[in-house]
């Protein structure tokens with residue numbers, strides 16, 4: 001949960017002025033974001049959750065190597081889609097408190113096994129289940145936590161089948177709810193909120209970029225890399241502990257952040273900064289510096305051999321470089337871009353709720 005600093009907001013509101021040197025069309029930027037980035041991302045996630053549910057149902061009907069592989073691939077496609085949509089977890093996702101039910105990690109192995117054992121066939125069973133026992137990470141555990149023969153054998157158990165299907169149906173329902181909320185009224189509310197206050201569209205997007213970058217740096221890299229434990233690796237804290245695609249998930253997060261910064265093919269933060277003529281410390285346009293750093297982070301990920309887990313064990317320098325790059329992106333976003341655009345920095349911390 002992000003906490004707002006009342007003192008900070010009050011001070012910033014006092015000093016906020018319109019960016020008077022430009023007639024940049026904020027509404028057009030928000031229209032582009034809603035119509036061409038956010039809603040398409042959630043539509044894709046909805047389609048992927050449907051495919052995942054279908055593959056899970058086929059696995060349950062006939063557990064074998066082929067149906068398991070199909071379900072595993074569908075899970076990968078679904079979580080990669082979520083990583084592209086994760087940046088937009090304001091508005092409906094936050095108001096309905098859906099993020100934890102979709103993607104709360106690390107998951108609880110013992111909690112999942114207990115939930116399976118105690119499953120009572122009720123449709124609302126997940127309401128009584130903690131967020132670290134459901135969502136995409138719980139499905140990952142069920143599909144990837146052991147070798148193929150073990151998992152196929154486990155899916156002879158009816159409770160296990162029903163619980164996996166229940167988790168998958170919940171993802172479909174949540175993805176549909178998000179789309180319904182966006183298309184049912186929030187889309188226009190978002191587009192019309194062109195100001196600088198905490199609920200304005202630009203403030204929400206800018207702060208979500210900062211929140212995502214900090215989560216990538218801290219939770220997805222530094223914690224498993226042992227930055228808080230004197231260098232002792234905590235690989236069980238990796239985002240994708242079982243399928244070993246942590247690196248790919250971070251890559252999608254960063255590409256989504258860069259795409260949002262650039263507005264895809266339309267107006268974005270880059271255009272806004274350029275319209276104001278904002279330059280970075282090196283004298284070049286700030287937008288160019290930011291894009292260069294995003295490209296650097298992506299290149300560092302692409303240059304890592306093997307999984308992120310293997311890089312943390314065998315190529316520590318590459319992980320250190322990635323952490324530094326993501327930290328620089330965070331500084332660009334929080335210190336340079338948000339202040340230059342007179343937006344409110346509402347990001348304080350994330351307590352995991």
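Is at least one residue of region 275-283 crowded, with 23+ Cβ neighbours inside 10 Å and either without any contact (Cβ under 8 Å) to a residue 60 or more places away in the chain or not assigned by TED's automatic domain parsing to the domain that holds residue 85 (or both)?
Scanning region 275-283, I find no residue that is crowded, with 23+ Cβ neighbours inside 10 Å and either without any contact (Cβ under 8 Å) to a residue 60 or more places away in the chain or not assigned by TED's automatic domain parsing to the domain that holds residue 85 (or both), so the answer is no.
Can you name every residue in region 49-66 that is closer than 18 Å to residue 166 by Cβ and free of Cβ contacts under 8 Å to residues at least 40 places away in the same chain?
Residues satisfying the conditions are 51, 54, 55, 58, 61.
The values are calculated or read from the model by the stated rules, or taken from the named source; none is laboratory data. Model, not experiment: these values are computed from the prediction. Cβ sites come from the backbone with ideal geometry, for glycine too, and all protein chains shown count toward neighbours.
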